[in-house]
Amino acid sequence: MNLLPIPAFSDNYIWILHHRQQAIVVDPGEAQPVLQALDRLGLTLQAILITHHHGDHTDGVAPLCQATQAVVYGPARESMPAGTVALRGGDAFSALGVSWRVIDVPGHTAGHIAYYGEQPDQAPLLFCGDTLFSGGCGRLFEGTPAQMQASLDTLAALPDDTRVCCAHEYTLSNLKFACAVEPGNTALLQYQSLCQDLRARHQPTLPSRIGHERDINPFLRTRVPAVVAAAQAHAGTPIDRCDPVAVLAQLREWKNIF
Ligand code: ZN
Ligand code: FE
């Protein structure tokens with residue numbers, strides 16, 4: 001099984017997973033780079049997985065469907081291209097010999113879903129669209145902080161070695177913010193220099209791992225005293241340390257203007 005991030009637009013990744021000349025693609029915002037990769041690697045596109053309705057994740061679907069026989073999967077609660085197999089949290093299906101479980105992750109959009117794939121002898125895969133990024137999370141365009149907190153809690157509970165395949169290369173700017181929140185987090189500082197190195201060589205910082213994100217991503221650390229204290233200092237008002245939703249809301253607003 002091979003996993004490949006295809007760069008698109010300025011900072012999107014379209015993930016391709018392939019095995020024995022069969023491929024699936026996640027969130028194709030454009031078709032051209034996908035068709036080129038399929039051609040170069042001699043792959044047949046079996047399925048397209050969509051996490052949410054934004055154009056930078058879906059605009060390539062129609063041209064890909066014209067060029068291939070791919071089955072399209074997407075969230076039931078969002079407007080999707082005609083013919084999309086509508087999925088809800090808890091649904092399961094198999095593609096490429098992997099059994100995929102659908103997880104509801106509202107917050108960035110109201111009906112956003114993520115795909116969690118397990119297969120024997122390999123670390124699990126998570127395609128989380130614009131919900132979880134390395135070192136950060138998506139903007140709250142349609143959902144509430146409470147929804148995003150619940151979605152991130154669900155993702156954080158996945159096995160440590162889960163490969164986190166995010167839809168954007170936002171890692172360095174996220175880590176700059178994360179360091180402002182938690183300047184004393186040594187794992188974070190080490191990861192930042194590793195990622196700076198990767199980006200200097202034009203390499204992706206992804207996939208990340210869930211266990212690692214729990215150590216360095218402030219949005220998965222809304223119950224950590226240092227993170228609560230930083231959110232509170234930014235808010236300028238006391239935050240109940242037992243209220244991770246209030247901490248997340250504050251972090252998200254701070255990041256928006258950072
Ligand atoms: Zn989006
Ligand atoms: Fe996006």
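The values are calculated or read from the model by the stated rules, or taken from the named source; none is laboratory data. Keep in mind that what you see is a predicted model, and the values were worked out from it rather than measured. When we count neighbours, we look across all protein chains shown, and the Cβ atoms used for this are built from the backbone with ideal geometry, even at glycine.
Miscellaneous remarks
- When Pro124, Pro75 are screened for being without any contact (Cβ under 8 Å) to a residue 60 or more places away in the chain and closer than 14 Å to Val164 by Cα, only Pro124 passes.
- Of all the listed residues (Thr222, Thr205), the sole one being more than 21 Å from Tyr13 (Cα to Cα), touching a helix residue (DSSP H, G or I) at 6+ places or on another chain (Cβ under 8 Å), hydroxyl-bearing (Ser, Thr, Tyr) and not in a helix (DSSP H, G or I) is Thr222.
- Restricting the range 65-104 to residues that are of a type in the set (Ser, Thr, Tyr) and surrounded by fewer than 14 Cβ atoms within 10 Å (Cβ to Cβ), the residue that is nearest to ligand 2 (Cβ to nearest atom): Ser79
- Residue within the range 133-141 that is within 14 Å of ligand 2 (Cβ to nearest atom), buried (at least 24 other Cβ atoms within 10 Å of the Cβ), of a type in the set (Phe, Trp, Tyr) and farther than 16 Å from Pro75 by Cα present: yes
- Residue in the range 9-16 that is buried (at least 22 other Cβ atoms within 10 Å of the Cβ) and away from ligand 1 (no atom under 16 Å from the Cβ) present: yes
- Here Ala47, Ala37, Ala62 are screened, and the one residue that is surrounded by fewer than 23 Cβ atoms within 10 Å (Cβ to Cβ) and either within 14 Å of ligand 1 (Cβ to nearest atom) or assigned to a strand (DSSP E or B) (or both) is Ala47.
- When each of His108, His54 is tested for being touching a residue at least 24 places away in the same chain (Cβ under 8 Å), under 30 Å from Asn174 (Cα atoms) and out of contact with any Asp or Glu (no Cβ under 6 Å at 6 or more places or on another chain), the lone residue that passes is His54.
- The range 5-34, residues that are away from ligand 2 (no atom under 14 Å from the Cβ) and in a loop (DSSP other than H, G, I, E, B): Arg20, Gln21, Ala31
- The residues listed here are Ala110, Ala123, Ala157; of these, the one that is within 16 Å of ligand 2 (Cβ to nearest atom) and either at pLDDT below 95 or over 17 Å from Gln250 (Cα atoms) (or both) is Ala110.
- Close pairs from the range 3-23: first modelled with pLDDT of 95 or more, partner outside any strand (DSSP E or B) and exposed (fewer than 15 other Cβ atoms within 10 Å of the Cβ), Cβ under 7 Å, at least 6 apart: Leu17/Met1; His18/Leu41; His19/Met1; His19/Gly97; Gln21/Gly42
- Count of the range 114-136 residues which are among the charged types (D, E, K, R) and outside any strand (DSSP E or B): 2
- Flag for Thr186 being crowded, with 23+ Cβ neighbours inside 10 Å and either at pLDDT 95 or above or within 29 Å of Pro5 (Cα to Cα) (or both): no
- Some residue of the range 192-202 being polar (S, T, N, Q) and touching a residue at least 40 places away in the same chain (Cβ under 8 Å): no
- Which listed residue, of Arg20, Arg88, is at negative phi and away from ligand 1 (no atom under 16 Å from the Cβ): Arg88
- Test: residue in the range 239-252 that is buried (at least 16 other Cβ atoms within 10 Å of the Cβ), touching a helix residue (DSSP H, G or I) at 6+ places or on another chain (Cβ under 7 Å) and modelled with pLDDT under 95: yes
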